[in-house]
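First the structure, in the form of structure tokens, and then the observations on it.
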Amino acid sequence: MTDLFAAPLVEREDLSDGAILLRSPVPLPDPARCVGDWLVRWAAQAPDRIAFGERPQPGAPWQTITYAALQDQARAVGAWLLAHGATSDRPVAILSENSIHHAVMNLGAMHVGVPTASISTAYSMMSADHVRLSEMIALLEPSVIVVSDGAAYGTALAAIASHHNAIVVASMPAGDMTAFSDLTATPPGPDVDAAFAATGPDTVARYLFTSGSTGAPKAVINTQRMLTASQDARLLTWPFLASVPPVIVDWLPWSHTFGANHNVNMVLRNGGTLWIDDGRPAPPLIGRTADNIKEIRPNLCFNVPRGYDMLAEAMAQDADLRTAFFDMTLLFYAGAALPQSVWETLETLSQRMAGRTMPMVAAWGMTETAPLATDCHFQAPRSGNIGLPTPGVEIKLAPVADKLEIRVRGPNVTPGYFKNAEATAEAFDADGFYRSGDAVRLADPGDPARGMFFDGRLSENFKLTSGTWVAAGALRLAGIDALQPVAQDIAIAGHDRDFIGFLIVPNVPACCRLADLAGDTPLAEVLAHPAVIEHVARGLAALKAGAEGAS
């Protein structure tokens, strides 16, 4: 693995207020001017290389776009936007799912200095009242709104109609919508080149909305410098990317920093190929992911822990999937900690299939850090290590109650929230560090080079009536491991109560196997089976026996 990763180096400084300052001794070169420079480079150096591929519908042949065509279409879209009133103050809102058109729209807008805002499809397709979507659109005041299927998004578009005066563009238009093909047919003129030349590190590239889990979603400003600095740091921690262009099969949504800023930008930065996965970690869609991995044979894998859990289950029955999966260079997980039980399953399968332990690594970051702030560019002995500060980044571990809050300063950090000066001011401490609200702990307090572990959200921890603090994030992971394989996830309850409660989301196929029941057995019967109940009881007893302290 020494040929994959840069050496894990870190400098430590203990501050007078009890905080710990960590930084990489590796300097970060001046980042690229803008994301568009990557596109120009690869359109010249590898014009016929596939940049993106997608299936227009399940089972259909792949449709692709090369770097040369991607640049041509992006410039055409930029020309159309300039001709129709899009400016740095009037962004493009993209409501639709990942697609080649989505990628072209993003790159075309950024090419001429117009920000984009990719908004989770859930706000359009799963909301009953579209209140959150209406709030986002009213905040953005977009010049253009983009959807894939005009009819499918019709209800959402009708709900937000009074909140904007934007042009609606659709890949499959309905009514008086503008066809996306009109945009890509626009001939670019000198104004496109002038706008591209004027785009610089401080130009706003996109707005990404926070999850809204602790309040209304906020629009995080992402500058060009943030995006390019994050990827230059990635290349310094994974130097193999310079000689092995990444090829990935990826479902992660572009409304989220993991999918958009990490994965898409890593591919663009290094001249790779992103095959848009029409599957995801949910039955039966995980089968599409498995089929796509077998067909494409990617060299890297990015997923959330639940995705790896489901792929591990699929590999138990599919030899071709095992072969394709363990032929990859490494797997990367983020979004949540990988349960140790899943880590050990993948480790065992890797040894059996490839005669080696496939590198399994993680990182930590947020929408506000574009996202890479720490990176585990070494093989940790167990799951959950989020590594060390990346080049150019300073990490402050600030004491808050009995935890250490991780705070970030660097070129990858947002200047703030769009049209929200109050939230922006609250987000930074007196030294200019972004206050994440996440807690971490050092893997070895005496040796910071061994990395850090996520230690929960400060806001999610709570007290019992006894006054005992409950570290909900750590307890959730411990509970999943103790109850594996029957617990897909656990929600922790007990605020101001006498005891802690678990709401267990069951892994139904695993419960069926445990109870020797058919897969179509009614759920109530599965969960009431004595074998399942006994397994949960044993797991809870083991968890309780291993607890520390008086509670």
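Summary of values
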{"read-out": "Criterion (within 19 Å of His102 (Cα to Cα) and not in a helix (DSSP H, G or I)) met by exactly one of Leu208, Leu227", "value": "Leu208"}
{"read-out": "Failed item, numbered, when Ala60 is tested on (1) of a type outside the set (Ser, Thr, Tyr); (2) surrounded by fewer than 24 Cβ atoms within 10 Å (Cβ to Cβ); (3) at pLDDT 95 or above", "value": "(3)"}
{"read-out": "Unique match (being under 13 Å from Leu268 (Cα atoms) and in contact (Cβ under 8 Å) with a residue 12 or more places away in the chain) among Val104, Val112", "value": "Val104"}
{"read-out": "Residue among Leu82, Leu133 that is over 29 Å from Ala290 (Cα atoms), hydrophobic (A, V, I, L, M, F, W, C), outside any loop (DSSP other than H, G, I, E, B) and touching an Asp or Glu at 6+ places or on another chain (Cβ under 6 Å)", "value": "Leu82"}
{"read-out": "Residues of the stretch 168-181 satisfying the condition of being among the hydrophobic types (A, V, I, L, M, F, W, C) and open to solvent by 50 Å² or more (accessible area, probe 1.4 Å)", "value": "Met172"}
{"read-out": "Those residues of the stretch 361-389 which are part of a loop (DSSP other than H, G, I, E, B), of a type outside the set (A, V, I, L, M, F, W, C) and under 13 Å from the mean Cα position of the chain (by Cα), in sequence order", "value": "Pro371"}
{"read-out": "Residue selected from the stretch 38-56 under the condition assigned to a loop (DSSP other than H, G, I, E, B) and under 24 Å from the mean Cα position of the chain (by Cα), by the criterion surrounded by the most Cβ atoms within 10 Å (Cβ to Cβ)", "value": "Arg55"}
{"read-out": "Hey, Ala260 open to solvent by less than 10 Å² (accessible area, probe 1.4 Å), closer than 14 Å to Val393 by Cα and either of a type in the set (A, V, I, L, M) or in a loop (DSSP other than H, G, I, E, B) (or both) or not", "value": "no"}
{"read-out": "Selection from the stretch 452-472 of residues that are assigned to a loop (DSSP other than H, G, I, E, B), surrounded by 20 or more Cβ atoms within 10 Å (Cβ to Cβ) and touching a Ser or Thr at 6+ places or on another chain (Cβ under 8 Å)", "value": "none"}
{"read-out": "All positions within the stretch 348-377 that are farther than 24 Å from Arg435 by Cα, open to solvent by less than 20 Å² (accessible area, probe 1.4 Å) and of a type in the set (A, V, I, L, M, F, W, C)", "value": "Leu349, Met358, Met360, Val361"}
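The values are calculated or read from the model by the stated rules, or taken from the named source; none is laboratory data. In this text, all values refer to a predicted model and were calculated from it rather than measured experimentally. Cβ atoms come from the backbone with ideal geometry, glycine included; neighbour counts cover every protein chain shown. Note: areas computed on protein heavy atoms with side chains; ligands, DNA, RNA excluded. Shrake-Rupley method; radii C 1.70, N 1.55, O 1.52, S 1.80 Å.
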